Amino acid sequence: MSHREPSLELVPSGGRRRLLRAETPALLVERVAAALGHEASPGRLTAEGGLLACLACGHPELYTQRDFPRPVGITIVVLAAVLAPFTSYVSLFVAALLDAALYHLAPAVVVCYACHARHRGLQPSPRHPAFDREIEERLLYGKRAVMGKPMRPGGTADAPEPEH
């Protein structure tokens, strides 16, 4: 099991973010279902507690990214830029190293393409690839999508990384 407690962060458009936590992935499925008013669907998890589909909406296309707080990264860069003339621009190099180190230490979070829910603390298998613009295009624009590749059977579970 992951070192972090399983959780789901709901990101409604225009509303307040909501964080649901549980001691186990199965209990998280039940809490999410109760909170959203739908029936619990354990088929969204593997037997080991890995994610097959979004716990909030059931969509099978998910992507993985680092759970790095963007305001921290921006603060580091802005502070380094302000200090740059006084440090012979060494602060920019230090900021880049610090930012890269913090980014690589940040845990992974799995995000739903459809509802943008953020899943944390679940088993890493099956693995979901990094963000793929083609999947987002298809979901946003449907038949009008320029790139929109068709959905894979089974969604993104253990899919290869996008070719960029």
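The values are calculated or read from the model by the stated rules, or taken from the named source; none is laboratory data. Everything numeric here is computed off the predicted structure, so don't read it as measured data. Because the Cβ atoms are built from the backbone with ideal geometry, glycine has one as well, and the counts that use them run over all protein chains shown.
Remarks
- Residue within region 29-36 that is closer than 26 Å to P153 by Cα, within 15 Å of the chain's Cα centre (by Cα) and in the same structural domain as P153 (by TED's automatic domain parsing) present: no
- Count - residues of region 84-135 that are without any contact (Cβ under 8 Å) to a residue 60 or more places away in the chain, under 23 Å from L20 (Cβ atoms) and hydrophobic (A, V, I, L, M, F, W, C): 6
- Test: residue in region 63-75 that is more than 30 Å from L27 (Cα to Cα), aliphatic (A, V, I, L, M) and outside the structural domain of A47 (by TED's automatic domain parsing): yes
- Of all the numbered requirements in (1) surrounded by 14 or more Cβ atoms within 10 Å (Cβ to Cβ); (2) assigned to a loop (DSSP other than H, G, I, E, B); (3) without any contact (Cβ under 8 Å) to a residue 60 or more places away in the chain, P160 misses one, and that requirement is (1).
- For region 1-18, the set of residues classified as in a loop (DSSP other than H, G, I, E, B) and under 19 Å from R127 (Cα atoms) consists of M1, S2, H3, R4, E5, P6, listed by residue number.
- Residue within region 39-49 that is β-branched (V, I, T), under 15 Å from T156 (Cα atoms) and in contact (Cβ under 8 Å) with a residue 24 or more places away in the chain present: yes
- V11 assigned by TED's automatic domain parsing to the domain that holds H116 and touching a Leu at 6+ places or on another chain (Cβ under 6 Å): no
- Count - residues of region 25-76 that are over 30 Å from A100 (Cα atoms) and of a type in the set (D, E, K, R): 5
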